[in-house]
Amino acid sequence: MQLETYISDLLYRYECVTIPGFGAFLSQHVSATVHESTNAFYPPKKRLSFNEQIQSNDGLLIRYIADAEKIPFESASKKIAKQVKSLKTYLNEGETLKFENIGELHLNDEGKIQFNPSLHLNYLTDSFGLSQFVSPKVTREVYKTEVETIEEDIPLLITPEKRKSRPYFKYAAVAVIALTLGGLGVSNYYINSIETHNELAQEEATEQLNTKIQEATFVISNPLPAATLNVNKQSGNYHIVAGAFRVEDNCDKKVTQLIEQGYKARKIGVNKYGLHQVAYSSHSDRLEALNALQSVRNSSNRDAWLLVKQLN
């Protein structure tokens, strides 16, 4: 019977695994550590120890062996008792007991059991996949000249004496400047992305308009009388565009048609080409607008597109 295999399995889940009549293996959670001289980083782990004073049978190990080997509880208990007798004999003869992935046991000069834990296995499941690594030592003086050059270009209100006593101020100032520039860059990028999106979508719509120009420029000989539309007020900067019309009467006709089809259609103003735009609906949430656009394209209008614009 490979007793150490069963003990090893249980150490992943329990902090104490007792061998009845022999002693107990204990595990204690240890936080991640850094070795100061070698710069080695060690992940969190369970530190193993052995206490020969804890020998009472809690049933954990016996029950686990009985289930694993599919034998009665009493039979598993007898197998462990036989194994313990053998272990004690080896120790009394001066042998060293090796428990794979757990550690080694031997008797000291006073007849007490000494335990040397193994470092080959981490029993902390939260650290699964993490291993130790060595990081080069950080030498901050390498960047001293570069930081002083930045200080010359961007003077800081700190005297040389204060800088010597509080060197972290100059690094904090450089970090603030970098974050400010980064924030401005992200903001400009977001604004430019919206403008680019609208321009590309508008160009695509204009090209479609040129291929189907009759939809935008035809004149109805008997125009419909002006219709009064009761439309619920919508809000949001994301608009599902149904089309653009040069004649406003045709724009009104399209709104009426879409409302009859169940859409919350409305006019959303005149674009830079002088065309009156009609939207299926407007939305405050971008993801909601994209889902609505996909639904429209699948059901009725493959040429519908998304306009990002804040309406007055």
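The values are calculated or read from the model by the stated rules, or taken from the named source; none is laboratory data. None of the values given here were measured: they were computed from a predicted structure. In this analysis, Cβ positions are derived from the backbone assuming ideal geometry, glycine residues included, and neighbour counts consider all displayed protein chains. Calculation scope for accessible area: heavy atoms of the full protein, side chains included, ligands and nucleic acids excluded. Shrake-Rupley method; radii C 1.70, N 1.55, O 1.52, S 1.80 Å.
What tally of residues in segment 245-271 results from selecting those that are of a type in the set (A, V, I, L, M) and open to solvent by 20 Å² or more (accessible area, probe 1.4 Å)?
Total satisfying the criteria: 3.
Please pick out the residue among Ala40, Ala66, Ala32 that is closer than 17 Å to Gln2 by Cα and either of a type in the set (Val, Ile, Thr) or open to solvent by less than 70 Å² (accessible area, probe 1.4 Å) (or both).
Ala66
Being open to solvent by 40 Å² or more (accessible area, probe 1.4 Å), without any contact (Cβ under 8 Å) to a residue 24 or more places away in the chain and within 12 Å of Ile19 (Cα to Cα): is that true of Lys85 here?
So Lys85 fits the description; yes.
For Ser37, are the conditions met, namely being small (Gly, Ala, Ser) and closer than 15 Å to Leu121 by Cα?
Spelling it out, it is not the case that Ser37 is small (Gly, Ala, Ser) and closer than 15 Å to Leu121 by Cα.
When the residues of segment 16-29 are narrowed to those that are open to solvent by less than 20 Å² (accessible area, probe 1.4 Å) and of a type outside the set (Phe, Trp, Tyr), which ends up nearest to Lys79 (Cα to Cα)?
Ile19
Could you tell me whether any residue of segment 76-90 is farther than 19 Å from Glu15 by Cβ, small (Gly, Ala, Ser), modelled with pLDDT under 90 and not in a loop (DSSP other than H, G, I, E, B)?
Checked segment 76-90: no residue is farther than 19 Å from Glu15 by Cβ, small (Gly, Ala, Ser), modelled with pLDDT under 90 and not in a loop (DSSP other than H, G, I, E, B).
Confirm whether Ile240 is open to solvent by less than 70 Å² (accessible area, probe 1.4 Å), out of contact with any Gly (no Cβ under 6 Å at 6 or more places or on another chain) and at pLDDT 90 or above.
Yes; evaluated as a whole, the condition is true for this residue.
Residues in segment 272-289 that are open to solvent by 20 Å² or more (accessible area, probe 1.4 Å) and assigned to a loop (DSSP other than H, G, I, E, B): how many?
Here the count works out to 5.
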